[in-house]
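The values are calculated or read from the model by the stated rules, or taken from the named source; none is laboratory data. Quick caveat, the model's predicted, so the values are computed rather than measured. Please note: Cβ atoms are built from the backbone with ideal geometry, for glycine as well, and neighbour counts cover all protein chains shown. We work out accessible area using only protein heavy atoms, side chains counted, and drop any ligands, DNA or RNA first. Shrake-Rupley method; radii C 1.70, N 1.55, O 1.52, S 1.80 Å.
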Amino acid sequence: KHIHYGGLGDAFTNAAGPKSDNIKMPGLESVVDQATEDMNRARQQHEDAVRAFEQKAAQRQMAVPTGDAQVKAKLREFGEPACIFGEGPYERRDRLRTIMAGRSTESQHTKRQEVAGDEDLFYTEGLEELLEARVKIAEWSIPRANQRLIKERKARAAEDPLEYEERIDRFCTFLQKSMVAEVSQVGDERPLTQGKFSPDAQLYCTSSWSGFIKLWKVPSCEPTLTIRGHEDRCHSIAWHPTCKGAPPFEGKTVRLASASADSRVNLWCLTESQPLAVLEGHEDRVNRVVFHPMGEHVLTTSHDMSWRLWDIETSSELLLQEGHSRPTYGAAVHPDGSLAATSDLGGVVRVWDLRSGKSIMPLAGHGKQVLSVDFHPRGSLLATAADDHSVRIWDMRKRRCLHNLLGHNKLISEVSFERGEGRLMLTASYDGTVKIWSTTDWRCVKVLIGHEGRVMGADHIPSSINGHHYIGSVAFDRTLKFWSTQGKAEPPVDATSFM
């Protein structure tokens, strides 16, 4: 039985459905807003979960002290309370792990920002002498850049690119078949650090941990001059661009510069046993010294995280340039003299405009310390060598890395291009080898094996001797070696046919 309240008409009306004015359908905008909020909430929850997972993974990989006393000491170093009420040794160690993970995350974020490069610019007032030097460098570099471009256009018009590559391939094949170690000589009682050919290819200079600087004849490798350069380790040497001839020299002009761990740079005329001038100002060891192509200035890098520009004539410091957050190491100057490249032990390379003082191009790509940089003679490429066993080739015009050469299985101590045409590139490594690379297709042409220790440096000869190519290398085994294409070919080959 059913009991109905009210009339049957009302019952049929209600059964037909609710009134239309009682139905409130949500609008499209409210649906989209709600979906967006849900998506944002879900995305935030996902990011928080990923961040928590990465933090836990980092905590598991951290080396945290196990002793309670060491844990308390570490907490005090971080400025945290050594003990919290109700906390046991296990909870205290877990708290230290969390704190260390948070600190490492902050440091990684800071490093990423540093590598990305901040665009904030700040300027400090320079000396009047620095302004004069910048103007002089600009007036000297612009005509050289113009001459270089005109020369490249003429060479491109005179020779087909395919013919040029074929000629380079013939030369590389000649090197591969005929280049061997011609001379090996013990250079010092302690490991050698660097070796450089003089601009006219008559001398080869070596530096060592003993502080001695020695000059050797080319190609006989006979010692001609020994100088007590520094009381501490001598890390780098550089020839003046206009230095010519062999001892005995005449006149008191700067012919050589040397850098040492005693934070000094000595300028030598090579006619006396004492330096012609001493450049003092760095607060830590000096790693590299390079002459500006104009011949009036010297650039140095140091562990004090700065590089400096010096005036040779007055022996005064013109510029103290900061910008690296780690000790600066490698240094090179553009063939035109307009740019300078410096590297640091944090893996960052910076290109500086010497005419304006700006850092125009930060290059971040290496995962470990960058120890050597060098410009291609044609000026458009920059090579950087690092502890990550790789050499990167950067295009200065496109502002990007063109090639990443994984050529060694240990640290690469030096990279250098062939002077003049730039057909070859050298890399020296702690794996005990020197490798020659073709700059047309970036393949390894020849591996020079002979040193028993890690190779500290290698250099091309500026000009061939009787048509033959020479390479000099120095190593931790205290020896220097000359590698050449002369006299070992069977039958003897006329090298000029491959040039």
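State the percentage of accessible surface on the chain attributable to carbon and sulfur atoms; use a 1.4 Å probe and exclude ligands, DNA and RNA. Could the numbers behind the result be given before it?
On the way: 13350 of 26390 Å².
Answer for the chain: carbon and sulfur cover 51 percent of the accessible area.
Highest first, please rank the peptides 245-254, 224-233 by the mean number of other Cβ atoms sitting within 10 Å of their residues.
In descending order of packing, they fall as 224-233, 245-254.
For K446, K154, what's the largest-to-smallest order of accessible area, 1.4 Å probe?
Sorted descending by solvent-accessible area, the residues read K154, K446.
Could you state how much accessible area W437 has, in square angstrom rounded to the nearest 10, with a 1.4 Å probe and all protein chains kept in place?
Roll a 1.4 Å probe over it and W437 shows about 20 Å².
Would you list S263, S463, S343 from the most to the least accessible area, probe 1.4 Å?
So, going from the largest accessible area down, we get S463, S263, S343.
Once you compute Rg and the Kirkwood Rh from C-alpha atoms, what is the Rg to Rh ratio for the range 205-319? Spell out each step's value before the answer.
Values: Rg = 13.4 Å, Rh = 14.1 Å.
Rg/Rh: 0.95.
Leaving ligands, DNA and RNA out of it, work out the accessible area of E132 with a 1.4 Å probe and give it in Å² to the nearest 10.
Near enough 110 Å² of accessible area.
S236: net charge of surrounding residues, Cβ under 11 Å, Lys/Arg +1, Asp/Glu -1, itself excluded? Don't jump to the answer; show the numbers that get you there.
Working: positive: K196, R233, R285, R288; negative: E414.
Around S236, the surrounding residues sum to +3.
Of the listed pairs K177/K481; K214/K446; K177/K398; K154/K398; K196/K435, which have alpha-carbon separations greater than 25 Å here?
Result: K214/K446; K177/K398 exceed 25 Å.
Can you show me the helix-derived [θ] at 222 nm for the chain, built from DSSP H runs with n ≥ 4 at -39,500 (n - 2.57) apiece and divided by the number of residues, rounded to the nearest 500.
Helices in the chain give a 222 nm mean residue ellipticity of -9000 deg cm²/dmol.
Write down the accessible area per residue of the chain in Å², having rolled a 1.4 Å probe over the full set of protein chains.
Using a 1.4 Å probe on heavy atoms only, each residue of the chain averages 53 Å².
Find how much the distance from S463 to T66 grows on full extension, using 0.36 nm per residue of separation minus their present alpha carbon separation; answer in nm with one decimal. Don't skip to the end; give the middle numbers.
Values: separation 397, 0.36 × 397 = 142.92 nm, distance 6.23 nm.
Answer, rounded to one decimal: 136.7 nm.
If I ignore ligands, DNA and RNA and count only protein heavy atoms, how much of L203 is accessible to a 1.4 Å probe, in Å² to the nearest 10?
Only protein atoms counted, so the area is about 0 Å².
Per 20 Å bin, what is the whole-percent P(r) computed from every C-alpha pair distance within the chain?
Pairs per bin, as whole percents: 19, 43, 21, 9, 4, 3, 0.
Where does each of Y430, Y90, Y164, Y204 land when they are ordered by accessible area, with a 1.4 Å probe and the largest first?
Y90, Y430, Y164, Y204
Report, ordered by chain and residue number, the aspartates and glutamates lying within cross-link reach of K56, taken as a straight Cα distance under 19 Å and ignoring same-chain residues fewer than 8 apart.
E47, D48, E91, D94, E106
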